[in-house]
Amino acid sequence: MSNEPVDVLIIGAGASGAAVAWSLADTRMRILCLEQGDWVNPATYPSAGPGYENRQDFAIRPNDRRLDVDYPIDDDDSPVKVVNFNGVGGGTILYMAHFPRFHPSDFRTRSLDGVGEDWPIDYATLAPYFAENDRMMGVAGLAGDPGCPPKEMQLPPVPLGKLGERIAGGFNELGWHWWPSESAIATEPYDGRDRCLNLGPCSSGCAQGAKASTDITYWPHAIRAGVELRTRCRVREITVDKKGMATGAIYYDENGVEHEQKAAVVIVACNGVGTPRLLLNSVSTAFPDGIANGSGLVGKNLMLHAMAVVQGQFDSRIDGFMGPIGCALWSKEFYETDPSRKFKRGYTMEIVRGGGPAGTALNGMAMGMLPWGSEHHTAFDQLFDKAGSICAVGEDLAEEHNTVTLDPEVVDSNGIPAVKIAYTLGENSRNMIEHAGERAKEVFAAAGAVATSPIISSGVSSGHSMGTARMGTDPARSVVNEWGRSHDVKNLFVVDSSVFVTSAGVNPTSTLQAVSLYIADSMKKRLANLFD
Amino acid sequence: MSDILASDNTYTESERAILTLLCELMIPAGNGRPSAADPELLNDILPRLSTHESVLKPGLAILATLSLEKLAASEQVALIHQHREAHATFFQVFESQVIQAYYAHSIVLTSLGVNAPSPYPQGYDVQETDWSLLDPVRGREPFYRQLETEE
Ligand SMILES: Cc1cc2nc3c(=O)[nH]c(=O)nc-3n(C[C@H](O)[C@H](O)[C@H](O)COP(=O)(O)OP(=O)(O)OC[C@H]3O[C@@H](n4cnc5c(N)ncnc54)[C@H](O)[C@@H]3O)c2cc1C
Ligand code: SF4
């Protein structure tokens, strides 16, 4: 393995790392990406083999997977549990590919609603990068949604299925907005990917290759354009010289051997938990509190989203296990601030299809709805393929006490300190969750559901980690500037959702990839004076 | 059945008998589906239970004292219910392993109309969507907040 110096070192090959690598490739600079995980072979995805619902090695929580490429995340002190995937493609390997964009108002929450902070950039700045990212990922949807700014769609929408149609009917009954979800799923062949076969369990990887994970979207293009991607390379720290400029990184290879990689520019793309971890682990005389942490805000302002989940039960089978589990329809009825409500900002309601047989049975057993004995099968038949959920993804306001910090006791398989999450839902989020849960119940009632679950907001999972290295123009109040460069270290950039200033009421990947393409373009435009 | 069980030495014969009885009590045959104690199913269930030996063995020792086999089926289930709370960990592990094996078995999946053993490569045909459902929404004016800089 050659550790010759490179022009650009990218750390992390997930959603944002892939996008930035592809975009920078046309500069012809020498670009290297170090990724702690492996390439994943789609033939090994659970949906291609027996026991597909319960494969531990594809569990969404790293603490359940416990692969040596994972790092421990202590989230006992958080009602929202952190999920991710560590490998080429990052979280997109397991994501549900629900692909909404942030709304224009999400970038202006302080001026519009007096909460959070305004971003130093706006929707208009990102619009061309959203479009470019959509073309690279391939977005299925229907143009004309009155709840969102206009945009082009590459592919026809994911079919609603019986479940989606029942729920859409509920929204119509109430006179509320709904629209087919924008989904990063090839509903027709797209850019060498085959069409979705409606297998269902997208959140354990897509064996068909229809879901836009970056190992099959950006990476093949970036590698063809000359980017080098080195897997099983876990970065311990970013190194600096006496002048406080980044000089590269120290990493461990698959065999635990330590390497030093020199680079002129370092780009961090390790996600809202992995990025602050790496920055805080990069301690030097120049940066005793971690690199790029002059503001003291690295790891602070963590936003995981306020989520309210309600499950609805129908009296007939609804094909709920068929079709992309997280992509059917959304409602923006309660997205924007309404002064008559007990909270500022808002949420998107998203439909989650039902689980498979094992998931249904495990859930039924846990909820005491699946007895032992002669009633077992009848009870199971009442549950299986008759339930779906509404998941409200609510804007979570940035609060400094919500943090990612280094764990003083726990380390990963290379001995690098792991992380602790400290996170509470603020009053605004709690009020929003209650509102969203009640509205979800109304939708199910209008859709003819025979029963609904209580509102679930604790113990829910989030792969949406944002805000821990936020963007801004004031070095005392932000970690990176308005184009992603560290205020303190002029050749160090952050491109993932750590830089988010607000969390919006939507899933983050479309926006974080647009942000990373925008940062890459900002770098390209300034190549001659990048470090000024 | 003994042929199938012979390959697994984790549990003694009497422990295996209790596990088999528990499988039968938890999921008997019905609604066109086999019992979890059916040899085909046990073949998948027992290896899973073997990986939880340390949790299950102590519970099996307690259950052995109940002489379950001497009771009528309804009494057996009633007795199990009494013990479920007191030995919560044993039953959680047992139930979860049985469910994961039972509801992943091709016989069960097929009877439920689910592709076996896995969704891929057949996939599913989802019914075509009738997009006229959207007509009430299509008529609505844009209602996302439009900002001056965006216009
Ligand atoms: C189950 C699940 C469902 C989801 N569903 C959706 C959805 O429907 N829609 C949506 O928008 N989002 C969804 N997400 C979130 C989405 O996956 C993330 O927003 C996205 O992947 C984040 O991109 P990223 O580039 O910031 O980080 P990631 O994609 O997480 O990539 C970071 C990469 O960095 C690597 N890395 C970290 N530390 C180091 C180190 N020290 N050295 C080397 N490499 C390192 C990691 O291994 C990883 O591959 C979901 C996530 C999960 C887990
Ligand atoms: S439903 Fe479609 S996108 Fe999801 S895993 Fe199956 S083929 Fe892939």
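The values are calculated or read from the model by the stated rules, or taken from the named source; none is laboratory data. Worth saying up front: this structure is predicted, and the values here are computed from it rather than measured. Neighbour counts are summed over all protein chains in view; Cβ atoms, including those assigned to glycine, are modelled from backbone coordinates with ideal geometry.
Please go through the range A:54-71 and pick out each residue that is within 14 Å of another protein chain (Cβ to nearest Cβ) and more than 14 Å from ligand 1 (Cβ to nearest atom).
Here is the first cut: in the range A:54-71, the ones within 14 Å of another protein chain (Cβ to nearest Cβ) are A:54-56, A:58-59, A:64.
Hits for the range A:54-71 are A:N54, A:Q56.
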Residue in the range B:115-131 that is crowded, with 16+ Cβ neighbours inside 10 Å and more than 7 Å from chain A (Cβ to nearest Cβ) present:
yes
Could you look through the range A:82-116, keep only residues that are under 22 Å from A:T187 (Cβ atoms) and among the aromatic types (F, W, Y), and pick out the one that is surrounded by the fewest Cβ atoms within 10 Å (Cβ to Cβ)?
A:F99
Test of understanding: among A:L199, A:L160, which residue is buried (at least 22 other Cβ atoms within 10 Å of the Cβ) and modelled with pLDDT under 95?
A:L199
Please work out which residue is nearest to ligand 1 (Cβ to nearest atom), limiting yourself to the range A:178-215 and to residues that are free of Cβ contacts under 8 Å to residues at least 60 places away in the same chain and more than 11 Å from chain B (Cβ to nearest Cβ).
A:A186
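From B:T89, B:T10, which residue is at negative phi, out of contact with any strand residue (DSSP E or B) (no Cβ under 9 Å at 6 or more places or on another chain), of a type in the set (V, I, T) and surrounded by fewer than 13 Cβ atoms within 10 Å (Cβ to Cβ)?
From the options B:T89, B:T10, the qualifying one is B:T89.
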Inspect all residues belonging to the range A:185-201 and state whether any of them is over 25 Å from the mean Cα position of the chain (by Cα) and either more than 13 Å from ligand 2 (Cβ to nearest atom) or assigned to a loop (DSSP other than H, G, I, E, B) (or both).
no
Residue count, the range B:19-37, condition in contact (Cβ under 8 Å) with a residue 24 or more places away in the chain and buried (at least 20 other Cβ atoms within 10 Å of the Cβ), comes to 8
Only one of B:S111, B:S74 is surrounded by fewer than 13 Cβ atoms within 10 Å (Cβ to Cβ) and among the polar types (S, T, N, Q); which?
B:S74
Return the pair list, or none, for Cβ contacts closer than 7 Å from residues in the range A:86-101 that are farther than 18 Å from A:R230 by Cα to residues that are of a type in the set (S, T, Y) and away from ligand 2 (no atom under 15 Å from the Cβ), at least 6 apart or on different chains.
A:F99/A:S510; A:P100/A:T348; A:P100/A:S510; A:R101/A:S510; A:R101/A:T511
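Given the criteria more than 16 Å from ligand 2 (Cβ to nearest atom), hydrophobic (A, V, I, L, M, F, W, C) and assigned to a loop (DSSP other than H, G, I, E, B), does A:W219 qualify?
Details: more than 16 Å from ligand 2 (Cβ to nearest atom): yes; hydrophobic (A, V, I, L, M, F, W, C): yes; assigned to a loop (DSSP other than H, G, I, E, B): no.
For A:W219, the condition - more than 16 Å from ligand 2 (Cβ to nearest atom), hydrophobic (A, V, I, L, M, F, W, C) and assigned to a loop (DSSP other than H, G, I, E, B) - is not met.
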Cβ-Cβ under 9 Å, sequence separation 6+ or interchain: first residue in the range A:312-326 and within 11 Å of another protein chain (Cβ to nearest Cβ), partner acidic (D, E) and more than 16 Å from ligand 2 (Cβ to nearest atom). Which pairs?
A:I318/A:E165
Tell me, which residue of the range A:1-52 that is more than 17 Å from A:L530 (Cβ to Cβ) and of a type in the set (V, I, T) is farthest from the chain's Cα centre (by Cα)?
A:T44
